[in-house]
Amino acid sequence: MDATDKKRNAAKASLEFILPCTVLGVGTGSTVNHLIELLPGIRERIESVVSSSQASTELLEAQGFEVSTLNEIGDIDLYIDGADEANKHLQLIKGGGGALTREKVLAGAARRFVCIVDDSKLVGMLGGFPLPIEVIPMAQAFVARKLVKMRAQPIWREGFVTDNGNHILDVHDLAINNPLEMESRLNQIPGVLTVGLFAQRAADVLLISGDAGVREIRA
Ligand code: 5RP
């Protein structure tokens, strides 16, 4: 089975978490795009929908959904999103698509966060995938110097501007032995808007799609 089929199966498995009258938060990325394609089939269960990116908003609107803002709806019942890496503690690296800030806000506002991945994303230690960090543009070089002092290799995602008008540093070679501590430490660098480490708000359920089907890890 190829990665696309696995992603589609993970998205399909997440549909059972969408109960009647759900206020749904929708993430960003190719796995979530499969979910968005499937949502019209269970439209009657969705009370309202909030999106983590302009890209997902456009896809949801193309499927006929009216997308609400988080300010309009308050808390979210269920947030479904993909990840770039996940460990068995349901801690994640996200932001490969650059939508990490709104994703973190929606995950934080959600009563339940279901993460959908193919089995290539499950790792023993986070950090093989370069950690995305959203920085305000004027602080980019300063934040990069701080990261170099931590013996990491930040690479500016050149030409990419986030939905919030900011820049992304993709941080290579960061030793993430303790994700909770690393998230706090990076959050303290002035100019950092969002760290793509989701350890303090990890997923509640991880759906991992492989050749043998979709398995589930719960917090
Ligand atoms: C976007 C994300 C995505 O969830 C992450 O990049 C996974 O993407 P994909 O489903 O395409 O593998 O964090 O900012």
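Some points to look at:
- Percent accessible area from carbon and sulfur atoms, the chain, protein chains only, probe 1.4 Å: 50 percent
- Under 9 Å, Cβ to Cβ, from T22 - net charge with Lys/Arg +1 and Asp/Glu -1: -1
- Extension gain from H172 to Q188, taking 0.36 nm per residue of separation minus the Cα-Cα distance: 3.9 nm
- Measuring against 22 Å, Cα to Cα, the residue pairs K6/K104; K88/K146; K121/K146; K104/K149; K6/K94; K121/K149 contain K6/K104; K88/K146; K121/K146; K104/K149; K121/K149 as the ones spanning a longer distance.
- Fraction of C-alpha pairs exceeding 31 angstrom in the chain: 18 percent, rounded to a whole number.
- Gap separating the Cα centres of the stretch 1-56 and the stretch 92-125, nearest whole Å: 14 Å
- Computed about the Cα centre, the dipole magnitude for the chain is approximately 720 debye when only Lys and Arg (+1) and Asp and Glu (-1) carry charge, each at its Cβ.
- Charge context of R201, other residues only, Cβ under 13 angstrom, K/R +1, D/E -1: 0
- Along each principal axis, taking the top coordinate minus the bottom one, the Cα set of the stretch 131-196 gives 31, 18, 16 Å in descending order.
- Charge context of L35, other residues only, Cβ under 10 angstrom, K/R +1, D/E -1: +1
- Label-point separation in nm, A3 to M150, each point 7 Å along Cα→Cβ: 2.6 nm
- Accessible-area ranking of R151, R8, largest first, probe 1.4 Å: R151, R8
- Only beta bridges with both residues in the chain are counted; by DSSP, about 50 percent of them are antiparallel.
- Take the chain with all the other protein chains still there, run a 1.4 Å probe, and you get 46 Å² of accessible area per residue.
- Our summary gives the stretch 131-196 a relative contact order of 48 percent, counting only alpha carbon pairs under 8 angstrom and 6 or more residues apart.
- Estimated from helical segments only, the mean residue ellipticity of the chain at 222 nm is -8000 deg cm²/dmol, where each DSSP H run of four or more residues counts as -39500 (n - 2.57).
- The chain, relative contact order [Cα under 8 Å, separation at least 6], %: 23 percent
The values are calculated or read from the model by the stated rules, or taken from the named source; none is laboratory data. Since the structure is predicted, the reported quantities are computational estimates derived from the model, not experimental observations. Ideal geometry is used to build each Cβ from the backbone, glycine not excepted, and the neighbour counts take in all protein chains shown. Accessible surface areas use protein heavy atoms only, side chains included; no ligands, DNA or RNA. Shrake-Rupley method; radii C 1.70, N 1.55, O 1.52, S 1.80 Å.
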